[in-house]
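The values are calculated or read from the model by the stated rules, or taken from the named source; none is laboratory data. Everything numeric here is computed off the predicted structure, so don't read it as measured data. All Cβ positions, glycine included, derive from the backbone under ideal geometry; neighbour counts span all protein chains shown.
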Amino acid sequence: MTETNRRWLHSITGFTIAGKILFANCAIVAVGAFSGTWITQQYEQEPVFLMGAIFFTGGLLLCLPINYLAAKVALAPLDKLADTMKEVQQENNLYAAVELDGQADPQIRMLSSSFNTMLQWIRDDRDTIEKLSLIDPLTDVGNTRALHNGLEAEIARIQRYGQDFPTFFSLLIIDLDNFKMLNDTFGHLSGDTVLRDMAELLKTCLRKTDTTLAALKHYRFGGDEFVIIAPHTSRDGARILAERLDCIIARHRFLTRDGIPISETSLGPLRASIGYASYPEETTSADELLSLADKRMYAVKENRKRKRLVSPPRPGDYNLRLGRSPNP
């Protein structure tokens with residue numbers, strides 16, 4: 001077959017399923033008619049005319065199974081597409097994909113490609129929405145939902161591997177002192193500036209000095225409270241971490257929205273009260289872990305108010321203030 005004939009044949013049959021089936025029908029009918037005519041011309045007897053008619057009719061009848069087979073072959077890619085769509089609908093499997101060979105009809109290949117592209121868009125949009133649902137828009141750290149997911153993941157890790165070797169983690173709650181006074185004095189926009197600065201400080205300060213703490217996970221717990229999940233950190237390790245954070249926060253240069261250092265205003269240096277708790281050393285419940293750390297944080301805050309502590313913290317300061325209360 002010459003290139004011209006190949007292109008002509010493709011122009012007739014290559015673009016639609018209906019064209020292929022129609023071409024097969026025409027070919028079979030033509031063969032049947034040609035056979036009947038040829039026999040009639042060769043044998044000019046009446047019984048032979050009947051034989052020609054039989055051949056012609058047989059050719060037409062052959063169209064039925066040939067049509068079925070042609071349709072089955074031509075529509076097989078559509079069956080794959082339908083099965084994939086059913087899988088996406090029933091199993092919510094957005095990673096399904098239609099894979100067709102090069103022999104499939106061009107229109108079906110285009111339809112399948114569009115379907116795969118649509119699934120990719122849906123996956124991308126879902127991942128974006130999922131990420132946004134776990135991020136606090138103001139500080140760009142994890143929100144409360146992300147915090148609970150992180151706690152569940154850490155507890156599941158301990159329950160899975162804790163039987164083979166001892167493992168634990170700690171949780172720290174950080175609450176900015178006098179934050180309401182800061183908002184009342186400089187406005188909520190300055191408060192937002194401080195919260196963003198605080199989140200960035202928590203994300204970067206410890207990683208610059210201690211690479212072993214790179215696994216720390218930071219969350220905003222609402223208002224002016226932040227939470228840190230510290231994997232593989234015992235209660236004593238959490239106490240040391242709280243002391244370090246207290247020193248870093250007390251010495252950090254927080255600014256208002258207008259760039260005024262807060263430490264140089266009537267508020268003085270911005271401080272934070274920090275509570276901590278360890279799992280499973282002290283509790284085996286995520287809610288109790290949060291509650292225990294929260295109680296310790298408020299114990300630090302109340303103790304600081306009584307002593308009117310305004311000087312920078314010293315090593316061991318948290319050990320002295322917390323001791324073994326409220327839960328040994």
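S170 meets the conditions (1) among the polar types (S, T, N, Q); (2) at pLDDT 90 or above; (3) more than 23 Å from K295 (Cα to Cα) in every case but one. The failed one is (3). Quick one: is I228 in contact with a helix residue (DSSP H, G or I) (Cβ under 9 Å, 6 or more places away or on another chain), surrounded by fewer than 16 Cβ atoms within 10 Å (Cβ to Cβ) and of a type in the set (A, V, I, L, M, F, W, C)? Taking the combined requirement at face value, the residue does not satisfy it. Being assigned by the TED database to the domain that holds M198, closer than 27 Å to L151 by Cβ, in a loop (DSSP other than H, G, I, E, B) and of a type in the set (D, E, K, R) is the requirement here; does E282 meet it? Answer is yes for this residue. Pairs are defined by a Cβ separation below 6 Å, a sequence spacing of at least 6 or placement on different chains, a first member in region 287-303 that is over 12 Å from V227 (Cα atoms) and without any contact (Cβ under 8 Å) to a residue 40 or more places away in the chain, and a second member that is buried (at least 20 other Cβ atoms within 10 Å of the Cβ) and polar (S, T, N, Q); the pairs so defined are V300/S273. Being surrounded by fewer than 19 Cβ atoms within 10 Å (Cβ to Cβ) and at pLDDT 90 or above is a property that R235 has. Restrict the check to region 149-169 and report whether at least one residue is part of a helix (DSSP H, G or I), surrounded by 12 or more Cβ atoms within 10 Å (Cβ to Cβ) and in contact with a strand residue (DSSP E or B) (Cβ under 6 Å, 6 or more places away or on another chain). Yes, that holds for at least one residue.
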